[in-house]
1. Within the stretch 139-148, identify whether any single residue is among the small types (G, A, S) and out of contact with any helix residue (DSSP H, G or I) (no Cβ under 7 Å at 6 or more places or on another chain), and answer yes or no.
2. Would you list the helices (runs of 4 or more DSSP H) that sit entirely within the stretch 14-107 and hold 1 or more residues that are of a type in the set (V, I, T)?
3. Taking only pairs six or more apart or across chains, which ones have beta-carbon atoms under 6 Å, a first residue in the stretch 102-119 that is under 14 Å from A17 (Cβ atoms), and a second residue that is of a type in the set (V, I, T) and assigned to a helix (DSSP H, G or I)?
4. Given the options A63, A55, name the one that is modelled with pLDDT of 95 or more and either among the basic types (K, R) or farther than 29 Å from G109 by Cα (or both).
5. Identify, from the list L162, L139, L177, the residue that is in a helix (DSSP H, G or I), under 21 Å from A271 (Cα atoms) and within 21 Å of the chain's Cα centre (by Cα).
6. Which of (1) under 30 Å from S95 (Cα atoms); (2) without any contact (Cβ under 8 Å) to a residue 24 or more places away in the chain does R189 not meet, given it meets every other one?
7. Among Y157, Y127, which is the only one that is over 13 Å from the mean Cα position of the chain (by Cα) and assigned to a helix (DSSP H, G or I)?
8. Right, L362: open to solvent by 20 Å² or more (accessible area, probe 1.4 Å) and either at pLDDT 90 or above or not in a loop (DSSP other than H, G, I, E, B) (or both) or not?
Amino acid sequence: MSTSSLADRVAASPAKAYVLGVGAALLALVAGSLLFPETVYDGFVWHYFWGPVQADAHSATCAIRQAGDTVYLYSQSDCAAAAEPVAYPGYTLVSEVGYVVTLVVALSGVVLLLRRLDLARTVDFYYALVPYFVFGGALRVLEDADNRMADVALFPYPWNTLLISPIIYFTVFALTLVAVVAAVWVARRGVVEEYRRPLFWFGVLLNVGSIGYLASLALAPDNPVTFYPQVITVMLVGTAAATAATWYLTKAFVPWVHEATGKAGIVVIAAHALDGVANVVGLEYMDVLGAGQDLIPKHPVNAFIVDVTGAVWPFLLVKLVAAVAVLAIFEQELFDESPRYAVLLLVAVTAVGMGPGTRDMLRATFGV
């Protein structure tokens, strides 16, 4: 088959080509795991992706593989002395690169789906999804709180793995996809005028349920979940100040940055400002605010910045600069030629800021 004929077939049926391509990659990964389990599964898939989830789900310091079984360790000394592969809760640089690749592949698939449904031609679709960015972080904190509940946990293992990275991304994606399809369904049957309003309010309802559950835990007697209103107040005020300062400074000195995205840029900046402010307050000022011990960095990037600079505030600066840099990449031609892909890129850029930021804010607010 010639290159041109292959390209023509892909262009004629991009959805089929996408399914075949992703299917082939997954088949190769499964085959490698079965044929070379110690190298492919234990040394890569488990070590960097599934192992950290299992360790986190069991509140272990780390997890190791022994003769094809997973063993959980609960002390730093045991983990340090263990033979590789050793998986620690949280992210690694390898896993974060893997998530980025997965995100790009997933975005391509979502573009094909939205094209089929004839959705996401404008940023109105992006605005309707804003509550789901918050929901991802709030849902993750439910698992953090659940770890404190011992025998009365709402999500015992293995169900709690649905709320741990990277599985939680698929969980939130599935819930969001169901919400989108349901909103489109009721709109096209005349129940409502258009799909964006029910989509938005269903996301708000998800947040009310998840954050409301956290609040109920904090209000119940003898629960290890608390509530620190001063923490969330400082974080929200700091986020608003950082967002406003960044927006007005960029509008004054580099206004071309916002030419393509417009006011959607405010949401993007706010998402990453929240992540930065939540880290600054959570990692350095919890004791000052009378809200218990400072949190521990959950991501390699902010941990690296703290280790190199000896301070937390540079992480906020990095987040704001990164948000502005990403906005500068968007051009009007992208929205004109590939509006769905442009809107989904906005969704992805916002989610990777607001999701972790919401989680850190709520972790600190509820003491989990």
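The values are calculated or read from the model by the stated rules, or taken from the named source; none is laboratory data. The structure displayed is predicted, hence computed values, not measured ones. Because the Cβ atoms are built from the backbone with ideal geometry, glycine has one as well, and the counts that use them run over all protein chains shown. Only protein heavy atoms, including side chains, enter the accessible area calculation; ligands, DNA and RNA are left aside. Shrake-Rupley method; radii C 1.70, N 1.55, O 1.52, S 1.80 Å.
1. No - not one qualifying residue is present in the stretch 139-148.
2. Fully inside the stretch 14-107 and qualifying: 14-35, 51-57.
3. Taking only residues 6 or more apart or on different chains, not a single pair turns up.
4. The match here is A63.
5. Sole residue among the options that is in a helix (DSSP H, G or I), under 21 Å from A271 (Cα atoms) and within 21 Å of the chain's Cα centre (by Cα): L139.
6. (1)
7. The conditions single out Y127.
8. When the stated conditions are applied, L362 does not pass them.
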